[in-house]
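Notes follow once the structure below has been shown.
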Amino acid sequence: MTPANDAPAKPPVIAIDGPGASGKTTVGLGLARRLDYRFIDTGVMYRAVTVLALEQDVGLDDGPELTRLVQGISITFGEQASPETPPKPFVDGRDFSTLVHEHKIDRAVSRVSAVAGVRTALVALQRRMAEQGGVVMVGRDIGTVVLPKADLKVFLEASAEVRARRRHRERSGSSSFDRVLADLQRRDRIDSQREISPLVPAADARRVDTGQRTVEQVIDTICKLLDAG
């Protein structure tokens with residue numbers, strides 16, 4: 001029998017947090033690709049629950065019903081189709097990859113993600129997903145709540161105006177810049193002021209400003225932080 005202290009080291013777990021459009025998904029995907037790690041976007045999981053809640057006419061402030069909803073479903077991720085494409089989210093086997101990015105979900109997801117029962121159920125699932133290591137997990141409370149013992153915690157940040165320009169480009173102008181900016185600022189307020197798992201950097205998180213850096217420069221910075229231990 002191999003002694004416990006001779007067991008191979010578990011690959012690192014990297015937690016990346018930050019507000020909307022700070023670059024978490026793009027940077028996380030690129031970092032996972034470079035390291036050959038799994039990529040998990042926890043925000044998509046909250047979005048998937050929001051889609052289902054709207055489809056089933058569950059009140060977005062009805063904590064007990066939302067909790068029952070999330071406890072009765074299965075959320076999984078498919079294989080990554082290409083280096084630039086996030087793994088598709090599936091709810092009970094149904095592809096939610098397009099539905100989770102609809103504008104109505106942008107406006108509703110903060111209310112769903114503020115429900116304690118929803119967060120408890122999804123945090124437990126997210127921790128199971130990271131158990132084997134070799135994971136880049138992105139979200140808004142990864143370093144503080146989901147994976148407080150992550151090997152590296154990174155908090156991405158950029159001004160609201162920079163983030164709104166990014167989101168506006170992503171949508172190809174389908175919403176006005178002012179509306180996108182207002183939505184981001186509203187989401188920032190909700191996420192940072194909520195009682196449960198507010199959006200704040202972990203005490204030991206390394207803060208990286210993405211406003212004036214390219215995606216590759218941000219990934220290089222995170223890799224250096226990982227190498228430095």
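Residues that are assigned to a strand (DSSP E or B) and either surrounded by fewer than 14 Cβ atoms within 10 Å (Cβ to Cβ) or not aliphatic (A, V, I, L, M) (or both) within region 188-209 comprise Arg206, Arg207, Asp209, listed in sequence order. For the condition touching a strand residue (DSSP E or B) at 6+ places or on another chain (Cβ under 6 Å) and of a type in the set (Val, Ile, Thr), Val44 qualifies. If you go through region 199-229 and keep only what is free of Cβ contacts under 8 Å to residues at least 24 places away in the same chain and within 20 Å of Ser159 (Cβ to Cβ), you end up with Gln212, Arg213, Thr214, Gln217, Thr221. Among the residues of this structure, Asp61 counts as one that is exposed (fewer than 14 other Cβ atoms within 10 Å of the Cβ) and at pLDDT below 95.
Taken as a whole, the condition of being of a type in the set (Asp, Glu), out of contact with any Phe, Trp or Tyr (no Cβ under 6 Å at 6 or more places or on another chain), touching a residue at least 12 places away in the same chain (Cβ under 8 Å) and farther than 20 Å from Arg186 by Cα does not apply to Asp141.
The single condition among (1) surrounded by fewer than 23 Cβ atoms within 10 Å (Cβ to Cβ); (2) within 21 Å of the chain's Cα centre (by Cα) that Val27 does not satisfy is (1). When Val91, Val100, Val70 are checked against the criterion of being buried (at least 18 other Cβ atoms within 10 Å of the Cβ), under 27 Å from Val180 (Cβ atoms) and in contact with a Leu (Cβ under 8 Å, 6 or more places away or on another chain), Val91 stands alone in meeting it.
Let's see how each residue does on (1) among the hydroxyl-bearing types (Ser, Thr, Tyr); (2) in contact with a strand residue (DSSP E or B) (Cβ under 9 Å, 6 or more places away or on another chain); (3) surrounded by 18 or more Cβ atoms within 10 Å (Cβ to Cβ); (4) within 18 Å of Ala21 (Cβ to Cβ):
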site	(1), (2), (3), (4)
Gly143	no, yes, yes, no
Ala158	no, yes, yes, yes
Glu170	no, no, no, yes
Arg186	no, no, no, yes
Gly211	no, yes, no, yes
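Conditions (1) at pLDDT below 95; (2) over 15 Å from the mean Cα position of the chain (by Cα), marked per residue:
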residue	(1), (2)
Thr144	no, no
Leu152	no, yes
Arg163	no, yes
Ser176	yes, yes
Asp204	no, yes
Thr210	no, yes
Thr221	no, yes
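Listed conditions (1) touching a residue at least 24 places away in the same chain (Cβ under 8 Å); (2) surrounded by fewer than 16 Cβ atoms within 10 Å (Cβ to Cβ); (3) more than 16 Å from the chain's Cα centre (by Cα) are all met by Pro148, apart from (3).
The values are calculated or read from the model by the stated rules, or taken from the named source; none is laboratory data. Note that the structure is a prediction, hence the values are computed from the model and not measured. Methodologically, a virtual Cβ is constructed for each residue, glycine included, from the backbone with ideal geometry; neighbour enumeration extends over all protein chains shown.
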